[in-house]
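Notes to accompany the following structure.
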Amino acid sequence: MSITSTGILYPILGCLLLSEEKQRALAQLHAINSRGKADNYAEDTADYATSKWFQFTMVTKRLMVQLWRSPDYVWNKIILHVFAALFSGFTFWKISDGTFALQLRLFAIFNFIFVAPGCINQMQPLFLHNRDIFEAREKKSKIYHWLAFIGAQTVSEIPYLTLCATLYFLYWYFTAGFPTTPSISGHMYLQMIFYEFLYTSIGQGIAAYAPNEHFAAVLNPVLIGAGLVSFCGVVVPYSQMQPFWRDWLYYLDPFTYLVGGLLGEVLWDVQVRCEPEELVRFAAPLGQTCGEYMATFLAEKPGYLVDGNATVCEFCRYETGADYARTFNLKERYYFWRDTGITALFCISSYATVFLMMKLRSKKTKSARSE
């Protein structure tokens, strides 16, 4: 069918050309064209459909559900802390105030450090499993960024770490007979929570870059056992440490400040009362009492005499727990809170290291794909 001057369609075409609908349509097209020329529409070049914050919240919720649905993982972590706390608490039951008891306080605290290897070895396979799934699926399909993945991995563990620190504290602290003063016990509890964060972030940092769980399991004892534990001033006291290690590695070791924040509070105010077998006995020179004979020594060194007027001296090498604490380079009371603050900074830096290790791994995988 064609349109001619004499055809029946000519009146219809004329009506359409002169109609208001045509004018409105043309006006709308002109408005759209003018608006398109005037505005500078930015091209959406984002790799991901949602913001990183939205990705982080969604992945965190997913990992929280995953942990809730993994009772073996959660209960193993809790049971490890409870049994370790009960074992340590009843082993060091109601520690006394003797000289040897000062060492028992140290060992009771030092035992707490060794919850880390078991928890790290349990945590890393789950972390590596989630990381491998992320790299094979979510990362390639641009579902969410690696920052959201690492952030969610760290945050999802926090409630369980806090619970484990709380249970260990309750089953261990009072059983061992440590001070119940709120300022002391509260400080100890805070430092224990920081330690849960510290060893978890160290383990996650290793797992973030490790190619597999076997490599991570080999690296754990090297870093924690041969490195952090050996140079914190407990295995080898600060005064007996080789100068090369003492001058730098001792101060770089986060466990140095962990032990300082825990040990100082339970030692400093202890009034030492030596047991009979712990006393050093010797005779004073003729014509002198023990107090007169030992006056110069006691003015410079710690310790006390059982009876200064006696002629057969009984000497205790420590008068207060502060004397023993100073052998661990804890020279002043404020060192405890200082060490707790430094421990918190190490927690932050360790979590930052987890992100750094994952970033380095992401660059490594990109380079491998480009080659």
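Some points to look at:
- Neighbour counts of other Cβ atoms within 10 Å put Phe83, Phe355 in the fewest-to-most order Phe83, Phe355.
- Cysteines having no other Cys beta carbon under 4.7 Å from their own, within the chain: Cys15, Cys119, Cys164, Cys232, Cys347
- Computed over all pairs of different Cα atoms, the Kirkwood value for the hydrodynamic radius of the chain is 25.8 Å.
- Total charge dipole magnitude, the stretch 270-325, about the Cα centre, Cβ charges on Lys, Arg, Asp, Glu only, Debye to nearest 20: 80 debye
- Ranked Phe100, Phe169, Phe215, criterion: other C-beta atoms within 10 Å, fewest first: Phe100, Phe215, Phe169
- A simple charge model with +1 on the Cβ of Lys and Arg, -1 on the Cβ of Asp and Glu and nothing else charged puts the dipole of the chain at about 1700 debye relative to its Cα centre.
- Stretched out straight at 0.36 nm per residue, the stretch from Leu80 to Leu147 would grow longer than its current Cα-Cα span by 21.1 nm.
- Residue pairs exceeding 31 angstrom between C-alpha atoms, taken from Lys61/Lys140; Lys77/Lys359; Lys331/Lys359: Lys331/Lys359.
- Result for the chain in a Gaussian network model with C-alpha springs under 10 Å: among Val229, Val266, Val306, the largest mean-square fluctuation is at Val306.
- Centre separation in Å (Cα based) which lies between the stretch 18-32 and the stretch 47-83: 57 Å
- Candidate aspartates and glutamates - alpha carbon under 13 Å from Lys52, same-chain residues fewer than 8 apart omitted: none
- Ranked by how many other Cβ atoms sit within 10 Å of their own Cβ, fewest first, the residues Asp323, Asp247 fall in the order Asp247, Asp323.
- Potential extension, Asp269-Asp132 segment - 0.36 nm per residue separation minus Cα distance: 44.2 nm
- Above 26 Å, the calculated P(r) of the stretch 59-205 contains 34 percent of its Cα-Cα pairs.
- Considering only Lys140, Lys331, Lys52, the Gaussian network model of the chain with Cα springs below 10 Å gives its largest mean-square fluctuation to Lys140.
Every number in this text was worked out from the coordinates using simple rules, so none of it is lab data. Everything numeric here is computed off the predicted structure, so don't read it as measured data. FYI the Cβ positions are ideal-geometry reconstructions off the backbone, even for glycines, and counts take in every protein chain you see.
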